[in-house]
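The values are calculated or read from the model by the stated rules, or taken from the named source; none is laboratory data. Since the model is a prediction, treat every value here as computed from it, not as a measurement. Glycine gets a Cβ as well: all are built from the backbone with ideal geometry, and neighbour counts include every protein chain shown. Just the protein is used for accessible areas: all its heavy atoms, side chains included, with ligands, DNA and RNA removed. Shrake-Rupley method; radii C 1.70, N 1.55, O 1.52, S 1.80 Å.
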Amino acid sequence: MADIDRLNEVIEPEAQALGFELVRVKMMPSEAGDGAQALQIMAEDPATGQLLIEQCAALSRRVSDRIDELEEQGEVLVEGAYHLEVSSPGIDRPLTRAKDFEQWAGHEAKISMVKGFDGQRNYKGDLKGIEGHCVVIIDAKAGEVKLDRDQIHTAKLVLTDALIAATQPLDTSGAEDIEEEKADD
């Protein structure tokens, strides 16, 4: 298994060199159907909260080159075959950093706690923000609760009309140059 902390140490400076902020690094089963793993990197341009395709490609090349360089020096960051996937976090983004919980306060979120958590394991409701090291959410069942960030397994925004309205529009530059083709009948 890969050491996610070490991967973060390697990947974050590469993202920062391009002016991006790292949102999440995660190992997961690849969707390619070949049984391999995927090293998923989510990053964002702080100016837009997204990455365009060209930005994803630039970060992918930098990270790939850096991992290759470290492997040539004898460090194995990921055991076995894997796919590198670089993406923007999207509208219903994962919440991973303290600033994410603060920035997206007022929107609906889903939070799952780690196994063995003492209490309700899943929460869904209005995100209130962060107090110290605790995330505050008004859950539909439990009311207002404070959840220790160290006990959160996953957290993400829920796609709602309010979230769509609050999300910066995707870059539409070049859209006026797109021409539709009509299919022959």
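State all residues of segment 106-133 that are within 17 Å of Pro89 (Cβ to Cβ) and either surrounded by fewer than 17 Cβ atoms within 10 Å (Cβ to Cβ) or hydrophobic (A, V, I, L, M, F, W, C) (or both); if no residue qualifies, say none. Of everything in segment 106-133, those that are within 17 Å of Pro89 (Cβ to Cβ) and either surrounded by fewer than 17 Cβ atoms within 10 Å (Cβ to Cβ) or hydrophobic (A, V, I, L, M, F, W, C) (or both) turn out to be Ala109, Ile111, Leu127. Met28 falls short on exactly one of the conditions (1) surrounded by 15 or more Cβ atoms within 10 Å (Cβ to Cβ); (2) aliphatic (A, V, I, L, M); (3) outside any loop (DSSP other than H, G, I, E, B), and that condition is (1).
Here is a check on your reading of the model: is Lys110 modelled with pLDDT of 95 or more, charged (D, E, K, R) and not in a loop (DSSP other than H, G, I, E, B)? Judged against the criteria, Lys110 is a match.
Of the residues making up segment 96-105, those that are open to solvent by 10 Å² or more (accessible area, probe 1.4 Å) and closer than 15 Å to Gln151 by Cα are Thr96, Arg97, Ala98.
The set of residues in segment 1-20 that are closer than 13 Å to Leu51 by Cβ, without any contact (Cβ under 8 Å) to a residue 40 or more places away in the chain and surrounded by 15 or more Cβ atoms within 10 Å (Cβ to Cβ) contains only Phe20. The set of residues from segment 90-122 being more than 19 Å from the chain's Cα centre (by Cα) and of a type outside the set (D, E, K, R) comprises Gly106, Gly116, Phe117, Gly119, Gln120, Asn122.
Going by the conditions given, is Ala43 assigned to a helix (DSSP H, G or I) and either in contact with a Leu (Cβ under 7 Å, 6 or more places away or on another chain) or touching a residue at least 12 places away in the same chain (Cβ under 8 Å) (or both)?
Values: assigned to a helix (DSSP H, G or I): no; either in contact with a Leu (Cβ under 7 Å, 6 or more places away or on another chain) or touching a residue at least 12 places away in the same chain (Cβ under 8 Å) (or both): yes.
Criteria not met by Ala43.
Within the option set Val136, Val145, Val86, being open to solvent by less than 50 Å² (accessible area, probe 1.4 Å) and touching a Cys at 6+ places or on another chain (Cβ under 6 Å) holds for one residue only, Val86.
Right, Leu59: hydrophobic (A, V, I, L, M, F, W, C), more than 28 Å from His133 (Cβ to Cβ) and surrounded by 15 or more Cβ atoms within 10 Å (Cβ to Cβ) or not? Yes.
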